[in-house]
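Please read the structure below before turning to the comments.
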Ligand SMILES: [Zn+2]
């Protein structure tokens, strides 16, 4: 395992400035690429799974959080309200209240359910400055969030489908859960008081976990204030666990916001809200990817996917043409020319880049590429067109392996 703080600096992915403030990292160009790619991946996976994306503001009136219950159950984690012309507005501590209001903005029939609403949006947490650092303890969070509004009998299937999305994303990201946790309420006033609601919600999640066949442990005192959840835990190098992904069942906020749908019999009914996150916050996801892979991101995430290495000045024009073809095909490529040092030095400097295309006079003359893979494999020279096509296909498929072993090459 690697230290994501150190790597973030070395690889120039993100940084902080005391004048911006603790826990408020900024993203440098290569870090922004990683983040953008993750966001695009998640949006695409969600779109295919029937989610619709929305945008909502990062602020809301204090009354919004009084209705949702955040004000009375979660206020110590919230930023203090700002006075604005006699009103108080708050940086939001979660996206759910906005999504509940978007759902409520028009009438719904049972035929529209499950209605899956997703947003990759900002939320804020008033972490104390003493615990802030890197990307794991931040005050501004970009959350991959979604809320599924569904009928009570659809909860199990939707929760199962959300776990499936998480499993698929982890495979593509090359990360592994440390464990699954069924997070239940503990003693104290942190939790909404409604024993029957907690029992019903926990029973559904238990069943989903049992059916899925994964090992899990129940933990008291880890639930959200409004309902129990499945937490997918990951561990850092020191064995410290953190929650990356969650699936939560919520009977509370639909009640508080008086959400309705019209049932088949014409009667007005109450939907259930499932809160789910596939990769958690972008900050924590990138921190964990760094800790697991060092800087050697899966090829589809790597800031630079292909580095073109002309052996000498003479191959520079062909190198630049190859870079341009790669970029035109959607790959992130750059040229590292002789001005950056000897070929050996350039290969070492590009050791985290998954594909290194060496162009000597022979390759340049007949439009071929001698490809080196990040894992040390060297392939025989192949037509440049074939190399670009095969690399492009692996990247688009979010594959972890750098080359198809079963094909020639
Ligand atoms: Zn939520």
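With a Förster radius of 60 Å applied to the C-beta separation of residue 10 and residue 107, the computed FRET efficiency comes to 0.65. Relative to the longest principal axis of the Cα atoms of the chain, the long axis of helix 155-173 lies at roughly 20 degrees.
In the stretch 283-409, one over the average inverse separation of all distinct C-alpha pairs is 14.7 Å, which is the Kirkwood hydrodynamic radius.
I'm checking a number: the convex hull volume of the Cα atoms of the chain, normalised per residue, in Å³. What is it?
Numbers: hull volume 71.3 nm³, N = 409.
Dividing the Cα hull volume of the chain by its residues yields 174 Å³.
Compared with the dominant principal axis of the Cα atoms in the chain, helix 384-396 is inclined by about 20°.
With both bridge residues required to lie in the chain, what share of the DSSP beta bridges run antiparallel, to the nearest 5%?
Taking every DSSP beta bridge within the chain, about 75 percent pair in antiparallel fashion.
Spin-label pair residue 375-residue 342: with each label point 7 Å from Cα along the Cα-Cβ axis, the two points sit 2.9 nm from one another. The distance from the alpha carbon centre of the stretch 170-235 to that of the stretch 1-40 is 30 Å, rounded to a whole number.
Regarding the stretch 93-186, what is the average projected area of its C-alpha convex hull, in nm²? Could the numbers behind the result be given before it?
Details: hull surface 34.9 nm².
That works out to 8.7 nm².
Considering the stretch 172-292 at the alpha-carbon level, its Rg and Dmax are found to be 16.4, 56 Å.
Take residue 79, project a point 7 Å from its Cα along the Cβ direction, then tell me which residues of the stretch 142-172 have their backbone nitrogen under 15 Å from it. Answer for this model: 142-143. Could you work out how far helix 195-212 tilts from the main Cα principal axis of the chain, as a 0 to 90 degree angle to the nearest 10? The angle comes out near 30 degrees. Counting 0.36 nm for each residue step from residue 39 to residue 206 and taking away their Cα separation leaves a gain of 57.1 nm. Contact order for the stretch 75-190, expressed relative to its length and based on alpha carbon pairs under 8 Å spaced 6+ residues apart, stands at 22 percent.
Bear in mind that the values in this text are calculations on the coordinates, not laboratory data. Note that the structure is a prediction, hence the values are computed from the model and not measured. In this analysis, Cβ positions are derived from the backbone assuming ideal geometry, glycine residues included, and neighbour counts consider all displayed protein chains.
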